[in-house]
Structure formats: C-alpha cells, structure tokens
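A.B. asks: Submitted below is the structure of interest, expressed as structure tokens.
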Amino acid sequence: MPDPAADLPFFHGSISRAEAEDVLKLEGMADGLFLLRQCLRSLGGYVLSVVYEVQLHHYPVERQMNGTYAIAGGKSHCGPAELCEYYSKDADGLVCTLRKPCLRLPGTTPKPGVFDSLRENMLREYVRHTWNLEGEAMEQAIISQAPQLEKLIATTAHEKMPWYHGKIKRTEGERRLYSGVQPDGKFLVRDRDEMGTFALSMMYGKTAYHYQIIQDKSGRYSMPEGTKFDTIWQLVEYLKLKPDGLVYTLREPCVSPNSSMCAIAPAPPSGRKTGPGSNGYTPPPKPPAGQQRPLPMDTSVYESPYSDPEELKEKKLFLKREQLMIDEVELGSGNFGCVKKGVYKMRKKQIDVAIKVLKSENEKGVKDEMMKEAGIMHQLDNPYIVRMIGMCQAESLMLVMEMAPGGPLNKYLSSKKEQITVENVVELMHQVSLGMVYLEQKNFVHRDLAARNVLLVNQHYAKISDFGLSKALGADDNYYKARTAGKWPLKWYAPECINFHKFSSKSDVWSYGITMWEAFTYGQKPYKKMKGPEVISFIEAGNRMDSPAACPEVMYNVMKDCWIYKHEERPSFVVVEEQVRNYHYSISKKPAAEAQPEKTVEV
Ligand code: ADP
Ligand code: MG
C-alpha cells in the first residue's frame, strides 16, 4: 500500500527525530522551515517537525479511525498533504505557519520504515511458501489478493515465528524461559485460553514477567495503552524497538520446541515445486474449510499444469486421444460446435478440462478459425486467462482447455444475485483487469471481451476466455485493422472499431467498460432493447449508459473513462487495473474490523 505522503517532496519517510534535526539544521533553521516524517509510534501516523526561533517543535499527526489525519486537538484533514497545506496558511495552534518545506535530496525517495519492508516481505514469504509460487505468478497472487492475504497474515503470521509457543500454560512458559541462558529481554508469546487472546512472557533480571496482549474492537493488537498493530508479529517487532510499557525491550526469542524455522524463511531452492516441507518448512495451516473462502492460488488452475517441469517436458501442441476422456456433459455451445467436459491424463496428475469440439470440419474456414484461436491461446499463460492444454485431432478437431466450472460471468451473476456482494463483483472485475493488463503487455487484442466470455473458476476467481476473434499485433503496431466487418458484438465495440475497423488494447478497454456494466447489473444486457445501429448513434450523440443501481460511484467513473470517445484519451489497462485495484483494496480492508468482541485487560 503506497504511503499517502510518498509523493510529498518534504516527506522524509522513516527518519528519527535526531535525523530530522540534522536535516533541518543543514537547511538553515529559518522560522517556519518544516518537514514531515513517518511516526514509529502509531502505524500510519506522521510527525511534523517545524523550526521556530532556532528551536525544533515536533507535532504527531495521528491517523484517525475514519481515515482522516489530525494533530492532537486540531482539525481533521483528508490526507497529510491537505493537513500541511492548511497549516501553511493558518498556524492554528502551532508555533508558526509552515513556510518553507525542507525537501528531500533530489532523486531520493522517502526512507522506508521497518514495517513497510517487513510487511512486503511477509506477504512474499507467505505466498511463496503457502502456494509454492515464484516470480510473476507470485506477484500476481499478491496484487490480486493483497487484502485477503493481509487478513490471513494478520491472523496466522505469528504461528510461524520461533517465539510463538502455541497454547501453553503460564507456568510452562516460565519453565521454558528459565531453561538455558536467561538474558534480559528473552521472550515468548503464547495462547492464553480458548478466547484466542495472547500473552507475552519476558525475562528481566532473572524474573519472568507476563503481559496480556490487548485486542481492540477492530482486531488490532497492543500492550495496554500502547501502539496498536494489525498483527501480533508487528507488535513484537515494535516491542523490540521500544518497551512501550514493558520493563524492557524484547531481545532474544525463547525458541519454541515446535518451531520449524525462523520468521522470514529463506526462499526454497530455485527450480521450485519442491513441495511443502521439503526444506524443513511447513506452510502455515490453511484456515478450516468454510471459514475462509478459497483464494485463486488454492485452486489447481492458478498456475499452468505445465509449470511443473516434468509435465512441461512432455508438452506437445497435439495431445494423444487416449489420454483424453470426453464426458457427454455439454458445458456450452456455439456456431463452431459444442464445449464438453472431460478429463486429461497427464504424467503425474489428471486434470478437469473443457473441450471445444468442432462440429463440421469440412465446412470451409471453421477448422482454420479454431487453429487460429489455438495459436493465440498457445502463447498465453496467466492466472486470469483460461489456458489451452492442447489440441486433439481425432473424431473431430478439439481444443482442450482448463476447466472453469462456474461458467460465464453474466449467467452466474444473474442466477446468484442475492449471494454476491458488490465487493465480490469488484474483486472479479479486478481479476479481469489483471488478465487484460497481461494481454495489453503481450500486444494481443481480445476483440470479444464481454461478461459471457469471462468464465468463473469459483465465486471469487474469474478468467478471460474465448479467443476466437483475438489477434496478436505486430511488434510495431498498436492496432489491428480488419479488412471487412464480420459478425461483430457491436454493443461491446468502441467507435473506432465500428467506424475504421481499428482494434487495439484501447478498444478492449471500451469492451471492459461494458463488461463492468454487465457485472454491476448482475448480468443484464447492455443498452436494453436497442439494436446495434441504434447503439452506434446513441454513442455518437455523446450518450453513455447510466450507472447500474448497485454500482459504486468510483466504479462507474472507471466505466465512463473506458467509454471516452477518442482512443488516445482513453486509459490503458495499466491505469484501469490500478483504479479498480485501489478501490478493491479500499473496500475489502474494512470489514474484519467489526465482528471482533472486545477483550478485557488482565493477565
Ligand atoms: P464461442 O466462441 O461460441 O462464444 P466460447 O469459447 O465462448 O465459444 O465457449 C462457449 C461456451 O462454452 C461458454 O459460454 C461456456 O459456457 C462454455 N465454455 C467454454 N470454455 C469453457 C471452459 N474453459 N470451462 C468451462 N466452460 C467453458
Ligand atoms: Mg463466447
């Protein structure tokens, strides 16, 4: 999560009070000279350091529960930038107005805080070890599921720490602290009771001290009256820096006999797929079924079946018919024929597949079309795109794909309206945008992006499919020019597609906007009963569809940006993805806070 002050040139990041003083002294200590720095005491807070009469004054800026920022006793502001701007006009209780920003050295970024990098590392390590992911697959997992991952880490990260001893009695905690050497600050964390509360036990002057870790209503952990943190693990890191009410700062962990290894585990040997446990690391326990929804990474289709090097060795474009079992069940159909369910036997595993079966190969062109579709799919490998497993030439020509059992997004949403929250829709649309960023970067145009062509693996996992109209652009081209118009999905097409037959990632962005509209209406048909040509004149006259009833304003604004008439002015998928992601993160962070019972303060 970027720091909201990151772009302010006078924000120095996580520098100490002494460092701030040095910087301000170098700048001359004029009245009103100021800088902003990260506060170590309150997560998300800042300190404003101001010079007045050759003295330094430090004002903590707190981040409040509603997300606004304020200096104690002062007015609230929506961000650190607004707060500083306000105090540059009106001292309002400060020693003087902020007159001269003390800038960072040109070309430098704010100094990252301990938690900034620890949190990032923690996410990485968690994803790496829990799902055995590396590289691009790991990055995508983090981008798409950061809010869920952070929640998981917040509740389970400490379980991996050497200082975490699980459910042991206070007396057993003492026994463990007293065994071996007993330096000051030797500590452990234990589960207190059935309530899920924790206690911290520490040695100081050869005596064991016990503290209850408090959890507030929003689920944050702290020492009584102390700084609050999202995770036990962050609290412990903080208590290593500051005693925050304890008799001493935490130093050396008293290592749990059950601890498999230290907190930030080393990366598994490269070549990956070593399997859990092979390097002594046991992944964190998966939350019990039913309590936690499955993440895309928990499914078998997050990574390609060929990401296993042994399977990759045997990869061929044409699959052997005897390794393919075709079910009678039809998943869908189209002009080309039908899509059937099946199972494909690989070297080490069997996978569920969807098989596009060509109806009449003799019909001129259809076979070519399927081969073209396969040629495109063959080049794509992304968790948010339906992968092709291969082709098969037998009783007919077949295209074998990963199975997305939830079926098309529009149908799914219209049949499950009541169960699916707006947050869920945002999450799915964010995944679609991730798949489209991948296509945009690889210089492919989809040309048929629509809710009917977004398939669901499950309620929280979407993949883009149907590459029947897709094209790979030449290295120097940014659009594809169709020679003649075909059977086109006009309602999904941008004006330049219709008027000039020009297709680019920007015209896919337009279609993404329509797909979003379909999603937020839970599967309604765009432009009501209008016919294609009517839609064209509706758009040319400057009209756009209204916001769906359940659609958040931020999301409708994204849609309208996707429908900017001139493709040069329309955002790219990189931009769209970031907007949808930010909104997705902002709404999926909130819950969790509510349901927690308040914990009492006693040990
Ligand atoms: P068309 O070009 O005819 O639109 P699609 O590729 O969109 O063909 O497939 C038609 C239908 O078949 C889809 O709407 C869906 O119901 C089903 N289908 C296609 N691919 C899959 C898949 N990978 N997993 C599950 N169902 C699929
Ligand atoms: Mg389709």
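A.B. asks: Would you check which residues across the range 146-184 are over 24 Å from R220 (Cβ atoms) and small (G, A, S) and list them?
C.D. replies: S179, G180
A.B. asks: Exactly one condition in (1) surrounded by fewer than 16 Cβ atoms within 10 Å (Cβ to Cβ); (2) β-branched (V, I, T); (3) free of Cβ contacts under 8 Å to residues at least 24 places away in the same chain is not met by V54; state its number.
C.D. replies: Among (1) surrounded by fewer than 16 Cβ atoms within 10 Å (Cβ to Cβ); (2) β-branched (V, I, T); (3) free of Cβ contacts under 8 Å to residues at least 24 places away in the same chain, V54 violates only (3).
A.B. asks: I'm told S117 meets every condition in (1) assigned to a loop (DSSP other than H, G, I, E, B); (2) at pLDDT below 95; (3) of a type in the set (S, T, N, Q) except one. Can you identify the failing condition by its number?
C.D. replies: Condition not satisfied by S117: (1).
A.B. asks: Also, I was wondering about something else. In contact (Cβ under 8 Å) with a residue 40 or more places away in the chain, surrounded by fewer than 16 Cβ atoms within 10 Å (Cβ to Cβ) and basic (K, R): is that true of R119 in this structure? Let's see the steps before the verdict.
C.D. replies: Working: in contact (Cβ under 8 Å) with a residue 40 or more places away in the chain: yes; surrounded by fewer than 16 Cβ atoms within 10 Å (Cβ to Cβ): no; basic (K, R): yes.
Against the criterion (in contact (Cβ under 8 Å) with a residue 40 or more places away in the chain, surrounded by fewer than 16 Cβ atoms within 10 Å (Cβ to Cβ) and basic (K, R)), R119 does not qualify.
A.B. asks: Could you please give the count of residues in the range 455-482 that are within 12 Å of ligand 2 (Cβ to nearest atom) and not β-branched (V, I, T)?
C.D. replies: Taking the range 455-482 first, the residues within 12 Å of ligand 2 (Cβ to nearest atom) are 455, 464-470.
Applying the additional criterion that residues be not β-branched (V, I, T) yields 455, 465-470.
The total comes to 7.
A.B. asks: Also: Could you please give the count of residues in the range 328-358 that are charged (D, E, K, R), within 12 Å of ligand 1 (Cβ to nearest atom) and loosely packed, with under 14 Cβ neighbours inside 10 Å?
C.D. replies: Going through the range 328-358, the residues charged (D, E, K, R) turn out to be 328, 330, 340-341, 345, 347-349, 352, 356.
Cutting the leftovers down to within 12 Å of ligand 1 (Cβ to nearest atom) gives us 330, 340-341, 352, 356.
Filter once more, keeping what is loosely packed, with under 14 Cβ neighbours inside 10 Å: 330.
So the answer is 1.
A.B. asks: For the range 180-197, what are the residues that are at pLDDT 95 or above and in a strand (DSSP E or B)?
C.D. replies: Selection gives F187, L188, V189, R190.
A.B. asks: A follow-up question, please. Considering only residues that are assigned to a strand (DSSP E or B) and near ligand 1 (Cβ under 10 Å from one of its atoms), look in the range 422-471 and name the one that is farthest from S300 (Cα to Cα). First the steps, then the outcome.
C.D. replies: If we filter the range 422-471 for residues that are assigned to a strand (DSSP E or B), which is where we start, we get 444-445, 454-458, 461-464, 471.
When the remaining residues are screened for being near ligand 1 (Cβ under 10 Å from one of its atoms), the result is 454-457, 463.
On the way: V454: 18, L455: 15, L456: 13, V457: 10, K463: 13 Å.
My answer is V454.
A.B. asks: A further question on this structure: Scan (1) hydrophobic (A, V, I, L, M, F, W, C); (2) surrounded by fewer than 22 Cβ atoms within 10 Å (Cβ to Cβ); (3) more than 14 Å from ligand 2 (Cβ to nearest atom) for the single condition F503 breaks and write down its number.
C.D. replies: Single failed check for F503: (2).
A.B. asks: Looking only at the range 100-116, how many residues end up being surrounded by 14 or more Cβ atoms within 10 Å (Cβ to Cβ) and in contact with a strand residue (DSSP E or B) (Cβ under 9 Å, 6 or more places away or on another chain)? Steps first, answer last, please.
C.D. replies: Let us first name the residues in the range 100-116 that are surrounded by 14 or more Cβ atoms within 10 Å (Cβ to Cβ), namely 100-104, 110-116.
Adding the requirement that they be in contact with a strand residue (DSSP E or B) (Cβ under 9 Å, 6 or more places away or on another chain) leaves 100-104, 110-113, 115-116.
So the count comes out to 11.
A.B. asks: Going through the range 86-98 one residue at a time, which ones are surrounded by 13 or more Cβ atoms within 10 Å (Cβ to Cβ) and out of contact with any helix residue (DSSP H, G or I) (no Cβ under 7 Å at 6 or more places or on another chain)?
C.D. replies: Selection gives Y86, Y87, S88, A91, V95, C96.
A.B. asks: Does the range 182-238 hold any residues that are among the basic types (K, R) and under 33 Å from the mean Cα position of the chain (by Cα), and which are they? Talk me through it step by step, then tell me what you get.
C.D. replies: Initial filter on the range 182-238 (among the basic types (K, R)): 186, 190, 192, 206, 217, 220, 228.
Answer for the range 182-238, where residues must be among the basic types (K, R) and under 33 Å from the mean Cα position of the chain (by Cα): R190, R192, K217, R220, K228.
A.B. asks: Please determine whether any residue of the range 131-144 is out of contact with any Cys (no Cβ under 9 Å at 6 or more places or on another chain), polar (S, T, N, Q) and surrounded by fewer than 18 Cβ atoms within 10 Å (Cβ to Cβ). Give the derivation first.
C.D. replies: At the first step, the residues of the range 131-144 found to be out of contact with any Cys (no Cβ under 9 Å at 6 or more places or on another chain) are 131-144.
Remaining after also requiring polar (S, T, N, Q): 132, 140, 144.
After this cut, where a residue has to be surrounded by fewer than 18 Cβ atoms within 10 Å (Cβ to Cβ) as well, the list is none.
Checked against the condition, which is being out of contact with any Cys (no Cβ under 9 Å at 6 or more places or on another chain), polar (S, T, N, Q) and surrounded by fewer than 18 Cβ atoms within 10 Å (Cβ to Cβ), the range 131-144 yields no hits at all.
A.B. asks: Quick check on the range 210-251: of everything there that is surrounded by 17 or more Cβ atoms within 10 Å (Cβ to Cβ) and of a type in the set (F, W, Y), which residue is nearest to K169 (Cα to Cα)?
C.D. replies: That would be Y211.
A.B. asks: Let me ask something else. Given E423, E427, E402, which one is surrounded by fewer than 20 Cβ atoms within 10 Å (Cβ to Cβ) and either within 16 Å of ligand 2 (Cβ to nearest atom) or among the acidic types (D, E) (or both)?
C.D. replies: Within the list E423, E427, E402, the selection yields E423.
A.B. asks: Of the residues T130, T97, T109, which is hydroxyl-bearing (S, T, Y) and in a helix (DSSP H, G or I)?
C.D. replies: Only one candidate qualifies: T130.
A.B. asks: If a residue must be touching a Leu at 6+ places or on another chain (Cβ under 7 Å) and away from ligand 1 (no atom under 15 Å from the Cβ), how many such residues does the range 359-377 contain?
C.D. replies: Step one: of the range 359-377, the residues touching a Leu at 6+ places or on another chain (Cβ under 7 Å) are 361, 366-367, 370, 373-374.
The next check asks that each one be away from ligand 1 (no atom under 15 Å from the Cβ); those that pass are 361.
Looking only at that region, the number is 1.
A.B. asks: Okay, moving on. So which residues in the range 205-240 are in a strand (DSSP E or B) and out of contact with any strand residue (DSSP E or B) (no Cβ under 9 Å at 6 or more places or on another chain), if there are any at all? Talk me through it step by step, then tell me what you get.
C.D. replies: In the first step, residues of the range 205-240 are kept if they are in a strand (DSSP E or B); the result is 207-215, 221-222, 229.
Selection gives T207 alone.
A.B. asks: Then there is this: Could you check the range 25-51 and list, in sequence order, the residues that are surrounded by fewer than 21 Cβ atoms within 10 Å (Cβ to Cβ), out of contact with any Phe, Trp or Tyr (no Cβ under 8 Å at 6 or more places or on another chain) and over 30 Å from S222 (Cβ atoms)?
C.D. replies: Within the range 25-51, K25, L26, E27, G28, M29, A30 qualify.
A.B. asks: Looking at the range 473-491, which of its residues are within 15 Å of S504 (Cα to Cα) and hydroxyl-bearing (S, T, Y)?
C.D. replies: Within the range 473-491, Y479, Y480 qualify.
The values are calculated or read from the model by the stated rules, or taken from the named source; none is laboratory data. Being a predicted model, the structure only gives us computed values, none of them experimental. Counting neighbours? That spans all protein chains shown, and the Cβs are built from the backbone with ideal geometry, glycine included.
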